[in-house]
Amino acid sequence: MTNPQKFVELYTDGSCLSNPGPGGWGAILRYRGHEKELCGGEPDTTNNRMELTAAIEGLSALKEPCRVTLYSDSQYLVNGMQKGWAKKWKANGWMRNKKEPAVNPDLWDKLLSLFEYHQVTLVWVKGHAGHPENERCDQLAVSQSKRIQAQKN
């Protein structure tokens, strides 16, 4: 008898104080009423990189394959995966078209691998609209951005 996969909710957000500039990401993992907050950042990054990193770090924290509902306010992340853009870019040697390289191929590649490992359903949420977990992830991400900016000064 096989064990059914655990169902996990993952909320993510990314932040960048100037784009590019100091950035942060935040994630909340929820399983059976338990929550774990994760956050981090980088001194020279972009908002899109932090959005992707939040999802990567949240999914990477799971120690076994899970069914995951991933909530994000990033249309870049949601569309890139749901519309198959990332898969297409990878199949085309990380090119968006014949002249334009895809941006952030390192992160998209990690995300594609994690989506193969976990069974992920993406849900887009409107940012800064009072969604409690999205607001908390934003607080985590912004605090990391500010912490890194303060270290640079």
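The values are calculated or read from the model by the stated rules, or taken from the named source; none is laboratory data. In this text the structure is predicted, and so the values were computed from the model without any measurement. For neighbour counting, all protein chains shown are included, and Cβ atoms are generated from backbone atoms with ideal geometry for every residue, glycine included. Remember, those area values only see protein heavy atoms, side chains included, never the ligands or the DNA or RNA. Shrake-Rupley method; radii C 1.70, N 1.55, O 1.52, S 1.80 Å.
A few notes on this one:
- All positions within segment 66-84 that are open to solvent by 70 Å² or more (accessible area, probe 1.4 Å) and under 23 Å from Pro20 (Cα atoms): Gln75
- Test result for Val142, open to solvent by less than 50 Å² (accessible area, probe 1.4 Å), at pLDDT 95 or above and closer than 22 Å to Gly23 by Cβ: yes
- Within segment 48-65, considering residues that are outside any helix (DSSP H, G or I) and either within 18 Å of Pro105 (Cα to Cα) or in contact (Cβ under 8 Å) with a residue 40 or more places away in the chain (or both), the one least open to solvent (accessible area, probe 1.4 Å): Leu62
- Of the numbered criteria (1) at pLDDT below 95; (2) polar (S, T, N, Q); (3) surrounded by 14 or more Cβ atoms within 10 Å (Cβ to Cβ), the one Asn97 fails is (3).
- Among residues of segment 109-128 that are under 12 Å from Glu9 (Cα atoms), those with a beta-carbon under 7 Å from a residue that is of a type in the set (Gly, Ala, Ser) and surrounded by 18 or more Cβ atoms within 10 Å (Cβ to Cβ) at least six positions away or on a different chain give the pairs Leu122/Ser72.
- Matching residues in segment 116-129 - criterion: being under 18 Å from Asn48 (Cα atoms) and surrounded by 14 or more Cβ atoms within 10 Å (Cβ to Cβ): Leu122, Trp124, Val125, Gly127
- Failed item in (1) loosely packed, with under 15 Cβ neighbours inside 10 Å; (2) in contact (Cβ under 8 Å) with a residue 60 or more places away in the chain, with Glu35 passing the rest: (2)
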